[in-house]
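The values are calculated or read from the model by the stated rules, or taken from the named source; none is laboratory data. Just so you know, these numbers come straight off a predicted model, no measurement behind them. Here the Cβ positions follow ideal geometry from the backbone for every residue, glycine too, while neighbour counts run over all protein chains shown. Protein only, heavy atoms only, side chains kept; ligands, DNA and RNA dropped before computing areas. Shrake-Rupley method; radii C 1.70, N 1.55, O 1.52, S 1.80 Å.
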Amino acid sequence: MAPIRLPENQPLEVSHILQQHIANYRQRYSLWPEHKKIVTDLLNCRTAKLGGRLEQCDACGVLRIVYHSCRNRHCPKCQHMPRERWLSKRKDEILPTPYFHVVFTLPHELNAAVLSNKKVMLDCLFKAAAKTLLSFGKNELNGRAGFLAILHTWDQKLNAHFHLHCLVAGGVLADGENKWIPCSGYLFSHRALSLVFRGKFMKLMDRACLMGKIKCDDNGYRTLKNTLFSKNWVVSVRDPVKRPEHVIEYLARYTHRVAIANSRIKAMKDDKVIFTAKNRKENRTDQITLSGVEFIRRFLLHSLPRGFVRIRYYGFLANRNRKVNLAAIRGLLECSPSTQEGFTSIEEMMLQFTGTDITNCPCCNKEKMRLIREIFSFARGPTCLNVCAG
């Protein structure tokens, strides 16, 4: 395929790599239905194929077509507004107590099993981590812990690396919900957490195999279990977080994004893709070069099953009673709830974050753009249209 030509100064996107190399990818790999949906959405995002709306300025007569987004959660362009809404809500729920950042990581020996049985194995990861933290809260602090867990499936080089980031409140709500018990500057032993987490995960995986949810042969599974029990599973417990909103902002970069941001893609030359990756061991940024086909393969490794929930809440932050529990804890701590106002519209969010009123005319900036009609689809069409009258 001939190289695609981008307008000058237009940054590269994942969709450009798909456009250039998806045909070669399909010659080497099968494109599963869920992958086909992702590829189709990313290629059509904000193009004429998804339709849009036609707007006009009453002052100067300029016409503008605004194309629809695909809203696929794997699309790097479509998750900024959902992320900001999520971040705003989580900041409202922060309590005046230390928080701890805990990371549960699956051994890489499980990568093949997870990739072949994503929903079952990732559910086991969530359940094992949640049961571990809740049991430690009950046994060590005599109450219900509260935390959120966010799934990440990648490392900086886009390889499979399955782990959970948990933000844990530094205290528990005692039974009866009439007492708040803070932890004494230290959460739980990472070694003890690792042993319990490993045991709970293996028990859940055993049960899934017995129920036929995971396909495995007896000899291979026995060998895998022996290998997993011989390893020290990594559970990282970071120091208390003084400003939990900073951790939430860090996690928010990944909550509504999969694998890589467009800003990390630096070049696409011949059949190669160059992107940046943080080398945390040596505290530097490296440039990674992959073939276009290999880049797509790694990107699609991180597709999630349809309907899979990758952000979950547990303990006193569980969805069912979160508002009631937070109100009770604030009462016990004698603190008032946050007064931060939520966002009401995309226009308001864009005005706050970029200082640009996207409802104003881009030509004269005097009048609001008026919707003329919705355009449901185009057989073909330009990527953008600005026509000034007169």
Next item on the list: Determine whether the stretch 83-103 contains at least one residue that is at negative phi, among the charged types (D, E, K, R) and modelled with pLDDT of 90 or more.
Entry: no
Note to self: Which of the numbered conditions does Ala130 fail, given that it passes all the others? Conditions: (1) out of contact with any Lys or Arg (no Cβ under 9 Å at 6 or more places or on another chain); (2) within 21 Å of Ile248 (Cα to Cα); (3) in a helix (DSSP H, G or I).
What the structure shows: (1)
Next item on the list: For the stretch 142-167, enumerate the residues that are outside any strand (DSSP E or B) and open to solvent by 10 Å² or more (accessible area, probe 1.4 Å).
Entry: Asn142, Asp155, Gln156, Lys157, Asn159
Margin query: Quick check on the stretch 320-341: of everything there that is among the polar types (S, T, N, Q) and assigned to a helix (DSSP H, G or I), which residue is surrounded by the most Cβ atoms within 10 Å (Cβ to Cβ)?
Written below: Asn325
Margin query: Quick check on my filter: what residues within the stretch 67-83 are closer than 27 Å to Pro244 by Cα and touching a helix residue (DSSP H, G or I) at 6+ places or on another chain (Cβ under 6 Å)?
Written below: His74, Pro76, Met81, Arg83
Check: What is the residue count in the stretch 70-128 for residues that are among the hydroxyl-bearing types (Ser, Thr, Tyr) and touching a strand residue (DSSP E or B) at 6+ places or on another chain (Cβ under 7 Å)?
Finding: 3
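Go through Cys78, Cys70, Cys60 for me and flag whichever is in contact (Cβ under 8 Å) with a residue 40 or more places away in the chain and more than 30 Å from Ile329 (Cβ to Cβ). Spell out how you get there, then give the answer.
Values: Cys78 fails: in contact (Cβ under 8 Å) with a residue 40 or more places away in the chain; Cys70 fails: in contact (Cβ under 8 Å) with a residue 40 or more places away in the chain.
None of the other options fit; the residue is Cys60.
State whether one or more residues within the stretch 127-148 are under 16 Å from the mean Cα position of the chain (by Cα) and either more than 20 Å from Arg198 (Cβ to Cβ) or modelled with pLDDT under 95 (or both).
The answer is yes, given that some residue of the stretch 127-148 is under 16 Å from the mean Cα position of the chain (by Cα) and either more than 20 Å from Arg198 (Cβ to Cβ) or modelled with pLDDT under 95 (or both).
Hey, can you tell me all the residues within the stretch 106-132 that are open to solvent by less than 20 Å² (accessible area, probe 1.4 Å) and not small (Gly, Ala, Ser)? Reasoning before the result, please.
Initial filter on the stretch 106-132 (open to solvent by less than 20 Å² (accessible area, probe 1.4 Å)): 106-107, 110, 114, 121-122, 124-126, 128-130, 132.
Correct list: Leu106, Pro107, Leu110, Val114, Met121, Leu122, Cys124, Leu125, Phe126, Thr132.
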Next item on the list: For the stretch 29-71, name all the residues that are open to solvent by less than 30 Å² (accessible area, probe 1.4 Å) and among the aromatic types (Phe, Trp, Tyr).
Entry: Tyr67
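For the stretch 119-146, name all the residues that are of a type in the set (A, V, I, L, M, F, W, C) and over 15 Å from Ser189 (Cα atoms). Let's see the steps before the verdict.
Filtering the stretch 119-146 down to residues of a type in the set (A, V, I, L, M, F, W, C) leaves 120-122, 124-126, 128-130, 133-134, 136, 141, 145.
Result: Val120, Met121, Leu122, Cys124, Leu125, Phe126, Ala128, Ala130, Ala145.
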Note to self: Would you confirm, using the coordinates I've provided, whether Leu317 is among the aliphatic types (A, V, I, L, M), touching a Gly at 6+ places or on another chain (Cβ under 7 Å) and not in a helix (DSSP H, G or I)?
What the structure shows: yes
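Evaluate the following for His190: is it open to solvent by 20 Å² or more (accessible area, probe 1.4 Å), under 20 Å from Ile311 (Cβ atoms) and in contact (Cβ under 8 Å) with a residue 40 or more places away in the chain?
On the way: open to solvent by 20 Å² or more (accessible area, probe 1.4 Å): yes; under 20 Å from Ile311 (Cβ atoms): no; in contact (Cβ under 8 Å) with a residue 40 or more places away in the chain: yes.
When the stated conditions are applied, His190 does not pass them.
Only one residue in Leu210, Leu290 is of a type in the set (A, V, I, L, M) and surrounded by 11 or more Cβ atoms within 10 Å (Cβ to Cβ). Which one?
Details: Leu210 fails: surrounded by 11 or more Cβ atoms within 10 Å (Cβ to Cβ).
Only one candidate passes the filter, namely Leu290.
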